[in-house]
Amino acid sequence: MYITGKANWKRHAGSLLLGLLCTVGLMSEMGYAQAAIPVYGYFVKNTYPHDPQAFTQGLIFKDGHLYESTGQNGQSSLRKVELSTGKVLQRTMMDKDVFGEGITDVGDEIVGLTWTSQVGYVFDQKTFKLKRKFSYTGEGWGLASDRKYVYMSDGSAFIRVLDPKTLAEVRRVEVKAEGKPITRLNELEMVDGQLFANVWGADVIARIDPASGKVVGWIDLTGLLPTDQRGTDNPDAVLNGIAWDAHGKRLFVTGKLWPKLFEIELIRIEGR
Ligand SMILES: [Ca+2]
């Protein structure tokens with residue numbers, strides 16, 4: 001049921017996002033540039049290998065390494081990955097009956113979600129030992145964190161704000177662009193106080209003010225990994241994975257089953 005829903009969304013995602021971006025462009029042309037949401041393109045600074053078998057669901061950068069979670073029942077894992085080579089340095093498998101989703105770091109722990117099992121995992125960052133589990137309602141998609149909160153997406157337009165210690169929900173924020181709810185928010189990353197969320201099924205990242213839920217920028221990643229390099233017969237190979245190196249100020253993005261991971265720099269596109 002959910003997969004069918006996602007497939008339907010994929011067919012419509014392009015036109016919806018194109019519509020949104022055209023709306024922004026039209027507003028600029030009409031002289032309402034001050035009201036338009038800025039659009040950013042990208043410049044590829046570095047390209048790194050990425051495990052093409054990794055069904056990427058969560059990505060973070062911490063202490064010099066990438067940490068990545070992968071999905072699919074029976075194949076869900078948490079990995080520590082060497083940036084320069086894409087080599088998996090450490091791995092633990094999740095229970096066979098769960099579908100791994102997003103991860104984020106809280107102190108020296110890594111918190112992870114599952115898609116429909118309504119159970120989350122807390123791992124020790126160094127040993128990958130499972131320390132405890134926690135529960136939540138609904139679906140689990142993406143996670144991110146800052147020093148105050150953990151942020152969780154669930155496929156809807158709402159971001160759940162969680163207490164980092166108890167992982168209990170504190171509140172929800174609805175994400176809107178020019179008043180319209182933006183659904184299918186997936187992998188998350190906190191970047192200098194802004195919540196980045198890639199939109200499932202589209203090569204687009206929303207830049208969100210985490211306090212208000214307002215979309216304050218769009219990142220258009222069209223062409224980053226051409227579709228003929230994603231396996232044209234695999235509609236699952238979508239953009240999914242944002243990591244921020246807060247010390248080095250480096251932004252990394254990849255996708256499910258993508259053979260490459262990119263360090264990108266954002267470029268403001270004037271007039272869009
Ligand atoms: Ca992330």
Scan region 45-76 for residues that are within 17 Å of the chain's Cα centre (by Cα) and of a type outside the set (Phe, Trp, Tyr) and report the count. 15
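Among the residues of region 130-143, write down those that are touching a strand residue (DSSP E or B) at 6+ places or on another chain (Cβ under 7 Å), of a type outside the set (A, V, I, L, M, F, W, C) and surrounded by fewer than 18 Cβ atoms within 10 Å (Cβ to Cβ). Let's see the steps before the verdict.
So the first thing to find is which residues in region 130-143 are touching a strand residue (DSSP E or B) at 6+ places or on another chain (Cβ under 7 Å), and the list is 130-136, 140-143.
Then keep just the ones that are of a type outside the set (A, V, I, L, M, F, W, C); that gives 131-133, 135-136, 140, 142.
Residues satisfying the conditions are Lys131, Arg132, Lys133, Ser135.
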Leu167 passes all but one of (1) farther than 14 Å from Gly140 by Cα; (2) more than 16 Å from the ligand (Cβ to nearest atom); (3) outside any strand (DSSP E or B); (4) not aromatic (Phe, Trp, Tyr); which number fails? (1)
Number of the condition not met by Arg79 [criteria: (1) more than 15 Å from the chain's Cα centre (by Cα); (2) closer than 25 Å to Thr137 by Cα]: (2)
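Having 3 or more residues that are more than 17 Å from Pro38 (Cα to Cα) is the bar; report the strands (runs of 3 or more DSSP E) wholly within region 195-263 that clear it.
Values: elements: 204-208, 215-220, 239-245, 250-255.
By residue number, 239-245, 250-255.
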Can you confirm whether region 193-206 contains a residue that is touching a residue at least 60 places away in the same chain (Cβ under 8 Å), surrounded by fewer than 22 Cβ atoms within 10 Å (Cβ to Cβ) and not acidic (Asp, Glu)? no
Within region 102-114, the residues that are crowded, with 19+ Cβ neighbours inside 10 Å and either away from the ligand (no atom under 16 Å from the Cβ) or over 17 Å from the mean Cα position of the chain (by Cα) (or both) are Thr114
Can you name the number of the only condition in (1) within 16 Å of the ligand (Cβ to nearest atom); (2) open to solvent by less than 10 Å² (accessible area, probe 1.4 Å); (3) not β-branched (Val, Ile, Thr) that Ala237 fails? (1)
Residues being open to solvent by less than 20 Å² (accessible area, probe 1.4 Å) and within 13 Å of the chain's Cα centre (by Cα) - total across region 155-188: 6
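Return a yes/no flag: does region 42-55 have any residue that is open to solvent by less than 10 Å² (accessible area, probe 1.4 Å) and either more than 16 Å from the ligand (Cβ to nearest atom) or in contact (Cβ under 8 Å) with a residue 24 or more places away in the chain (or both).
Among the residues of region 42-55, at least one is open to solvent by less than 10 Å² (accessible area, probe 1.4 Å) and either more than 16 Å from the ligand (Cβ to nearest atom) or in contact (Cβ under 8 Å) with a residue 24 or more places away in the chain (or both), which makes the answer yes.
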Would you mind telling me which numbered condition in (1) buried (at least 18 other Cβ atoms within 10 Å of the Cβ); (2) part of a loop (DSSP other than H, G, I, E, B) Tyr151 fails? (2)
List the number of the failed condition for Glu270; all other conditions in (1) within 16 Å of the ligand (Cβ to nearest atom); (2) without any contact (Cβ under 8 Å) to a residue 40 or more places away in the chain; (3) surrounded by fewer than 16 Cβ atoms within 10 Å (Cβ to Cβ) hold. (1)
Residues of region 115-136 being within 16 Å of the ligand (Cβ to nearest atom) and either closer than 20 Å to Leu261 by Cβ or over 19 Å from the mean Cα position of the chain (by Cα) (or both), which ones? Phe123, Gln125
Determine if region 86-101 includes at least one residue that is open to solvent by less than 10 Å² (accessible area, probe 1.4 Å) and within 16 Å of the ligand (Cβ to nearest atom). yes
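The values are calculated or read from the model by the stated rules, or taken from the named source; none is laboratory data. Keep in mind the model is a prediction, meaning the values are calculated, not measured. Note that each Cβ is placed from the backbone with ideal geometry, even for glycine, and that neighbours are counted across all protein chains shown. The accessibility values were calculated without ligands, DNA or RNA, using every heavy atom of the protein model including side chains. Shrake-Rupley method; radii C 1.70, N 1.55, O 1.52, S 1.80 Å.
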